[in-house]
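The values are calculated or read from the model by the stated rules, or taken from the named source; none is laboratory data. All of these numbers come straight from a predicted model, not from anything done at the bench. Note that we place each Cβ from the backbone using ideal geometry, even for glycine, and neighbour counts take in every protein chain shown.
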Amino acid sequence: MRGVRSLSTAVRLTLISLVICGLVFPIVMTGIGEVALPWQSNGSQVYFDGKSIGSDLIAQNFSVPVFFHPRNDSASGVDPDITMSYAMSQIPRIHNSTGIPISFLYGALQKYKQYTLFFFGTPYVNVLNVNLYLVESYPSIYSPYIQ
């Protein structure tokens with residue numbers, strides 16, 4: 001009788017834990033995320049011509065020479081940002097591939113420059129945002145690369 005009671009208690013505790021940890025907690029966290037950070041919790045989608053083309057928080061695979069490329073040595077492989085120095089090192093390649101003036105490419109990087117700590121820290125740019133700006137600014141050059 002004692003073994004059955006212990007088993008019954010263990011099963012009840014397992015079911016309660018399953019409901020709390022497997023259902024209640026994820027639902028509550030999703031609700032908090034939707035209220036507190038709705039853009040991020042919905043995937044931080046970036047749209048172009050009404051279509052979702054990627055996420056602002058996850059790196060996109062740009063391999064064509066006319067675009068800025070994300071870092072290949074990123075630890076996670078999904079870092080959407082690159083340092084300004086790495087971005088500026090890509091300007092000659094993009095200029096040679098597209099004919100876009102170097103001054104415009106440099107200005108695009110300056111326009112989207114962010115810092116890790118407000119105005120302190122390492123400056124960086126989001127690759128998707130800069131590439132989208134190039135597509136919008138030079139549609140005749142980038143039209144073959146857009147579906």
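Just a few scattered comments:
Conditions tested, residue by residue: (1) in a loop (DSSP other than H, G, I, E, B); (2) more than 27 Å from residue 121 (Cβ to Cβ).
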| site | (1), (2) |
| --- | --- |
| 19 | no, yes |
| 25 | no, yes |
| 31 | no, yes |
| 39 | no, no |
| 58 | yes, no |
| 78 | yes, no |
| 87 | no, no |
| 94 | no, no |
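- Candidates 115, 106, 138: the one that is within 18 Å of the chain's Cα centre (by Cα) and without any contact (Cβ under 8 Å) to a residue 60 or more places away in the chain is 115.
- Options 102, 58, 53: the member that is at pLDDT 90 or above and either in contact with an Asp or Glu (Cβ under 9 Å, 6 or more places away or on another chain) or outside the structural domain of residue 30 (by TED's automatic domain parsing) (or both): 102
- Residue ID - farthest from residue 133 (Cα to Cα), chosen from residues in the range 65-74 that are at pLDDT 75 or above and surrounded by 11 or more Cβ atoms within 10 Å (Cβ to Cβ): 71
- Meets criteria (among the polar types (S, T, N, Q) and over 20 Å from the mean Cα position of the chain (by Cα)) for residue 76: no
- Some residue of the range 21-40 being in contact (Cβ under 8 Å) with a residue 12 or more places away in the chain and either surrounded by 10 or more Cβ atoms within 10 Å (Cβ to Cβ) or outside the structural domain of residue 95 (by TED's automatic domain parsing) (or both): yes
- Note on the range 27-64: residues that are among the hydrophobic types (A, V, I, L, M, F, W, C) and closer than 16 Å to residue 128 by Cα amount to 8.
- Residue 125 vs. criteria of a type outside the set (Ser, Thr, Tyr), under 13 Å from residue 82 (Cβ atoms) and either not in a helix (DSSP H, G or I) or not assigned by TED's automatic domain parsing to the domain that holds residue 63 (or both): yes
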